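What follows draws every value from the coordinates through simple rules; no lab data is involved. Being a predicted model, the structure only gives us computed values, none of them experimental. Counting neighbours? That spans all protein chains shown, and the Cβs are built from the backbone with ideal geometry, glycine included.
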Amino acid sequence: MKTFFTKPSFCDPQLIWFDHGKTCIRPDEVVYLSSLENYTEFHLRCGKKVISSRTLKIHESQLLAKGKFARIHRKFMLNLQYLKHIERHGEEHFAHLTTGDKIVVSRRKAKSFGSN
C-alpha cells in the first residue's frame, strides 16, 4: 500500500498536503502528530515518521475538518480511530494506541475524555 503521493493535476480535498504541495498523506494513515517547536512530526500507521515545516497549530485546523482528530496535549494531536483507552498514572494521563504507542494527555484534555 502506497502512503505517499506526488501532487497530481487535481487536488483531493481529503489528502493532507505539505512540503509546498509536493507530498501528501491520507488522514487515516496518520496515527498522531507531535510538535517539534516550529515543525510537526507525523507518525504514520506503517511506522514511518514524516516532518512538516508547518506548526502543529496549522495542521490542527486542517485535520479537524478532515477526520476524527483531537488535540490531546500542547505537544500532541491524535487520530481518534487509533485510541484504545486513556489511563491515569498518578498525576499523569496517557493515551494507549492500537499501534502500541503511549503518549501523554494533558489533565484538562483527559477530563474531556472522561478520565478521572
The lone condition Cys46 fails out of (1) among the hydrophobic types (A, V, I, L, M, F, W, C); (2) within 12 Å of the chain's Cα centre (by Cα); (3) more than 25 Å from Phe113 (Cβ to Cβ) is (2)
Restricting attention to the stretch 16-59, which residues are within 22 Å of Thr98 (Cα to Cα) and either aromatic (Phe, Trp, Tyr) or part of a loop (DSSP other than H, G, I, E, B) (or both)? Arg26, Tyr32, Phe42, Arg45, Cys46, Gly47, Lys48
Checking the conditions here, which among Lys57, Lys84, Lys75 is in contact with a His (Cβ under 8 Å, 6 or more places away or on another chain), farther than 18 Å from Leu15 by Cβ and surrounded by fewer than 17 Cβ atoms within 10 Å (Cβ to Cβ)? Lys84
